[in-house]
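The values are calculated or read from the model by the stated rules, or taken from the named source; none is laboratory data. What you see is a predicted model; the values in this text were computed from it and never measured. A quick note on method: Cβ atoms are made from the backbone with ideal geometry, for glycine too, and the neighbour counts reach across all protein chains shown. Side chains included, ligands, DNA and RNA excluded: accessible areas come from the protein's heavy atoms. Shrake-Rupley method; radii C 1.70, N 1.55, O 1.52, S 1.80 Å.
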Amino acid sequence: MSNMGVMSTCFCVRSFVHLLRPGVQKMGYFQLHTASSCAAKNHYEVLVLGGGSGGITMSARMKREVGAENVAVVEPHEKHYYQPMWTLVGAGAKQLATSGRPTASVIPSGVKWIKSSVTELDPDKNCIRLADDKKISYKYLIIALGLQLHYEKIKGLPEGFNYPKIGSNYSVHTVEKTWKALQDFKEGNAIFTFPNTPVKCGGAPQKIMYLSEAYLRKTGKRSKANIIFNTSLGSIFTVQKYTNRLLEIIKARNIIVNYKRNLIEVRADKQEAVFENLDTPGVTEVYQYEMLHVTPPMGPPDVLMNSPVSDAAGWLDVDKETLQHKKYPNVFGIGDCTNLPTSKTAAAIAAQSAVLDKTISSVMKSQLPTKKYDGYTSCPIVTGYDRVILAEFDYNSQPLETFPIDQSKERLLMYYMKADLMPFLYWNGLLKGYWGGPAPIRKLLHLGLK
């Protein structure tokens, strides 16, 4: 799940920041929707909703833009997690404790932390309502609320996690259960699922599958295991170049892949998983499992459902190039909560943050945004305890690789980047607003050709 691109040190991150600042054009006709505001108890020039990857990095960038005292972050949780590490936690390669830090430690110094959740957005009056019914008004709003996990949409969950043999790398409460289920595996089916909804880090459901297969080989249990990947999708990956290589790995490791299979029920007391065949709706298949890894259905946060700022599906409706809202010009979005047609990853957030920084800066100056987001995202597909395929691609599902080598090959170097370098870059580069993705490095390594 770690997807932030590549870099060697924090110094290098800062040295490339200046490459991300193109000029802007004047926009005389541009009018912000900031005239009306509700009778609020507090007002901030920039209000950030969400203290995850996108929210923290944008609060750091906005602090430099307008000053810390003019920025506030709304976030209810006391702990901030680097979730891409949970792939390795679920496979026993990392400890859960190393993936989290206190939220107070990642919010930029001087920026106001509002410890609450958002219950309503009123963009026509430039304000939001908090859980305690308090109102906060703003001049500019950045929405970075992430997405919501829906284990409850699978019959038998989340209560099924109280039983052994089942886990999920997508929740802090269940990721260690994955490792326990893997360690306790004896004989039978090890099943890994992919839901019939958008997900964050689309490669993660199969990463744990490859790691589990490697662990069972290492511990001498592979001959007693059927490794099964039941996915709602019709292909193993969205980019053909990486799909071809992954299918080779799947064949070589004797992994069973069933397409168009959606998990609809878990009978944890019987160790049974029920799947619907999406090609023949209503037809179900029951699998006995010795280990089950669940990737839950996901969707927009409740506060965005039926909100004025959302599209028909509930995702934040933003321009895919500038990340500015399509209706409200003083509202912006970043990350998993948006309807941007790219994979929802930390790498995508990094690239988006560089563009959004420029977009907001231009809007503040009544200028037309010129920097455009190309859909860059990255998925380090962990295929073993020492191998990673570093997939990088754009809106068109075309490879957009940083290194001048074939990144579809499994490499030890890429594993160390995933396991060690990317967490460092996350805490010390992205969250501090200095890392905006590997585009400048890609251009340098490809001699300006990409």
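Starting from the Kirkwood Rh over alpha-carbon pairs, what translational D in µm² s⁻¹ does the range 151-297 have by Stokes-Einstein at 37 °C and 0.692 mPa s?
For the chosen part, D equals 216 µm²/s.
In the range 306-323, which residues have a backbone nitrogen under 16 Å from the label point lying 7 Å from LYS125's Cα in the Cα-to-Cβ direction?
308-309
Once fully extended, how much extra length lies between ASP302 and LYS224, figured as 0.36 nm per residue of separation less the alpha-carbon to alpha-carbon distance? If you can, show how the numbers build up before the last one.
Values: separation 78, 0.36 × 78 = 28.08 nm, distance 4.32 nm.
So the extension gain works out to 23.8 nm.
Could you check what % of the DSSP bridge pairs in the chain are antiparallel, to the nearest 5? Show your work: numbers first, answer last.
Values: 37 of 72 bridges.
The antiparallel fraction comes to roughly 50 percent.
Quick one: Cα centre-to-centre distance for the range 253-284 and the range 381-450, in angstrom?
Taking the Cα centre of each part, the range 253-284 and the range 381-450 sit 33 Å apart.
Keeping every protein chain present and rolling a 1.4 Å probe, give me the accessible area per residue for the range 151-297 in Å². Don't jump to the answer; show the numbers that get you there.
Values: 6200 Å² over 147 residues.
On a per-residue basis, 42 Å².
Tell me the carbon and sulfur percent of the accessible area for the range 279-380, rounded to whole percent, probe radius 1.4 Å.
C and S fraction of accessible area: 49 percent.
Considering only C-alpha atoms, what is the centroid distance from the range 45-82 to the range 107-128, in Å?
Result: 9 Å between the Cα centres.
Find how many whole Å separate the alpha carbon centroid of the range 196-233 from the alpha carbon centroid of the range 332-360.
What the calculation gives is 28 Å, centre to centre.
Can you list the aspartates and glutamates whose alpha carbon is less than 12 Å from that of LYS134, not counting same-chain residues fewer than 8 positions off?
In chain and number order, the partners are GLU120.
Using the crude model of +1 on Lys and Arg Cβ and -1 on Asp and Glu Cβ, and no other charge, please compute the dipole size for the chain relative to its Cα centre, in debye to 20.
Working: 54 positive and 39 negative charges, 229 e Å.
Value, rounded to 20: 1100 debye.
For LYS344, give me every one of the aspartates and glutamates with a C-alpha distance below 13 angstrom, ignoring sequence neighbours fewer than eight places off in its own chain.
ASP336, GLU392, ASP394
Between LYS79 and LEU444, what is the spin-label point distance in nm, taking each point 7 Å from the Cα along the Cα→C-beta axis?
Those two pseudo-labels are separated by 3.7 nm.
Counting only helical runs of four or more DSSP H residues, what would the 222 nm mean residue ellipticity of the chain come to if each run contributes -39,500 (n - 2.57) and the total is spread over all its residues? Intermediate values should be presented prior to the final figure.
Values: 11 runs with 101 residues, N = 450.
Result for the chain, helices only: -6500 deg cm²/dmol.
Ordering LEU141, LEU413 by accessible area with a probe of 1.4 Å, largest first, what comes out? Walk me through the numbers on the way to the answer.
Numbers: LEU141 0, LEU413 105 Å².
Descending order: LEU413, LEU141.
Please work out how much length the chain gains when fully extended from THR98 to LEU368, using 0.36 nm per residue of separation minus the C-alpha to C-alpha distance, in nm with one decimal.
On the way: separation 270, 0.36 × 270 = 97.20 nm, distance 4.20 nm.
Contour length minus Cα-Cα distance gives 93.0 nm.
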